[in-house]
Amino acid sequence: MRRVWTAARSAAAMLAFVLASCGGSGSGSSPSVRVVNAADNAPYNFDVLVNSVSAATDLGYLQATAFQSIGTGSTSVEFEPTGTTTNAMTANFSADNGFNYSTLALQGSGGLTTVVAAQTNTAVPSGQARLTFVGASPGAGSLDLFITAPTVGLPASPSMPAVSYAGDGSVVVPTPLLFTAGAYRIRATAAGGASQSVVFDSGRISLASGDDLLLAIIPSTGTAATFSLLVLDANSNVYQILDQRVQLRVGNFAPAVGSVAAYLNAPNSMGSTGTLLASGMALGAASAYQTELPSSYRVSLTATGQSSEISGLGSNVALAPSTAVSMFAIGLSNQSSPYNLQLLSLQDNLQAPATGMAKLRVVQLAPDINNGGNTLLDVVVLNGSGAISSPPLVSSLAYPGASQYLSLPAGSYTIALVPSGLNAPLLPSASGTVVNLTDGSVQTLVVAGCQTPGSGICSAAPAASALQLVPLLD
């Protein structure tokens, strides 16, 4: 069973944490082992053998087996690409009474590897929950973890010693922590304590009486953090606690408003009353992503240097946990919908593509494109001789609109626009626009400006607002 646990179950409680005994050699219940596939971007699933006996077939990413009993002493867990008998890697450890062993397949510092985490198998005291953390992300660095009630500030000291990557092929015995059942929040900083910036925030989570959880720090993309917490309970149910923070960016794609500043205000508060997100944004400019806590806000744009919200360029927005959002100024004043001045909200998908690939989305924000009554656009790739390759990347893109994210082989592409279903004219120019899609990148290509500035819908737009393709790194 797999589900994503972003920041869910709630009930008020105060923190009561103590170090718990790990148990000792030769004491406690007989050992057991389970196997977890935490190897993101692995080229295959795994068939698993424990002491040369099949324990799992076709174990996929973020799946885990149940615990199975093993004897004490030398133990091996072998991983084979599904459908083969080729050994990809083996974890070897000595099992002892008093422990259960979680063997994680993961992407280590030098390729596929394993980490074995030993957890005490003594009973969890009534009314409490037990957490055991293990570092399974080579790129996360050394982290201080703060486990607190949901609404308190960051304490001066972390809840435990810093957690780092356990190491390729390592066998570790992390110290478990006991907490009174209730509501909590897990935050992380780079090792150094509360003076460091928060790099992960779980939001509100709930710990139930009797919970016995392994929390593995694993690589993750798509949220404000570079890692998430992979949680396994005693029954090997798998949860993923994602960073709850929102990534927000703003951009100016309104052809005639000039330079703008953007503010993040309380709901219904307008103008320059809140946090400055960006200033001096000319046509075609967008800010970098900034992290905010999920909540309700108002994004408000003013002319640069002014305090009043530009009519139409303000919007109340509810920012949901673990999302990425773009708020773009589009349209022109004194025009009817959909060409009116407005803030367009887009949900962004920052999940990294597969190795060797890139992701590209096209957003149509040029209000006056109309070729003989055809207002829809195809997005095409030009080959080395300047001819259109078939089929289009995107077909029938309307204003204002956005395509899905496309997964494309990494490389350099010459991209142009044509009226939907036609081969001419090529826009913005016959030579197209070169877009470099680097391996692993996520990009948005914005169709910006006006096809005919100074006339029609764009009569108020200056000549400098001519049609262009603007690549943004998501």
What about L344, is it surrounded by fewer than 21 Cβ atoms within 10 Å (Cβ to Cβ) and over 20 Å from the mean Cα position of the chain (by Cα)?
-> yes
Strands (runs of 3 or more DSSP E) wholly inside the range 355-474 that include at least 3 residues being surrounded by fewer than 20 Cβ atoms within 10 Å (Cβ to Cβ) = 406-409, 411-419, 433-437, 468-473
If you check every pair at least six apart or on different chains, which have Cβ atoms under 7 Å apart with a residue in the range 324-342 that is assigned by TED's automatic domain parsing to the domain that holds A262 first and a residue that is at pLDDT 95 or above and aromatic (F, W, Y) second?
-> A324/Y289; F328/F253; A329/F253; I330/F253; G331/Y339; L332/Y339; P338/Y399
Of all the residues that make up the range 357-402, how many are under 21 Å from L341 (Cα atoms) and of a type in the set (D, E, K, R)?
-> 1
Being polar (S, T, N, Q) and either within 14 Å of L229 (Cβ to Cβ) or crowded, with 17+ Cβ neighbours inside 10 Å (or both) is the filter here, so list the residues in the range 140-175 that pass it.
-> T148, S159, S170
Residue ID - nearest to P219 (Cα to Cα), chosen from residues in the range 325-354 that are in a strand (DSSP E or B) and among the small types (G, A, S) | S326
Looking at the range 239-272, which of its residues are modelled with pLDDT under 95 and either of a type in the set (D, E) or at negative phi (or both)?
-> Y239
Flag if V380 is in contact with a Ser or Thr (Cβ under 9 Å, 6 or more places away or on another chain), assigned by TED's automatic domain parsing to the domain that holds G456 and closer than 15 Å to L437 by Cβ = no
What pairs can you find where one residue is in the range 137-149 and not assigned by TED's automatic domain parsing to the domain that holds S206 and at pLDDT 95 or above, the other is of a type outside the set (S, T, Y) and not in a strand (DSSP E or B), and their Cβ atoms are less than 7 Å apart, with a gap of 6+ or different chains?
-> none
Of the residues in the range 393-417, those that are without any contact (Cβ under 8 Å) to a residue 60 or more places away in the chain, in contact with a Leu (Cβ under 8 Å, 6 or more places away or on another chain) and within 25 Å of A254 (Cβ to Cβ) number 10
When you go through A188, A183, A156 one by one, which is the residue that is in contact (Cβ under 8 Å) with a residue 12 or more places away in the chain, part of a loop (DSSP other than H, G, I, E, B) and more than 23 Å from S32 (Cβ to Cβ)?
-> A156
Is it the case that some residue within the range 194-203 is of a type in the set (D, E), in contact (Cβ under 8 Å) with a residue 60 or more places away in the chain and touching a Ser or Thr at 6+ places or on another chain (Cβ under 8 Å)?
-> no
Can you name the condition, by its number, that A234 falls short on among (1) within 24 Å of the chain's Cα centre (by Cα); (2) closer than 30 Å to F99 by Cα?
-> (1)
When the range 44-85 is examined, which residues are found to be without any contact (Cβ under 8 Å) to a residue 24 or more places away in the chain and in contact with a strand residue (DSSP E or B) (Cβ under 8 Å, 6 or more places away or on another chain)?
-> S54, A55, A56, G60, G73, S74
Return yes when S209 is farther than 20 Å from P155 by Cα, small (G, A, S) and in a loop (DSSP other than H, G, I, E, B) and no when it is not.
-> yes
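The values are calculated or read from the model by the stated rules, or taken from the named source; none is laboratory data. This is a predicted model, so every value here is computed, not measured. All Cβ positions, even for glycine, are placed from backbone atoms using ideal geometry, and neighbour counts span all protein chains on display.
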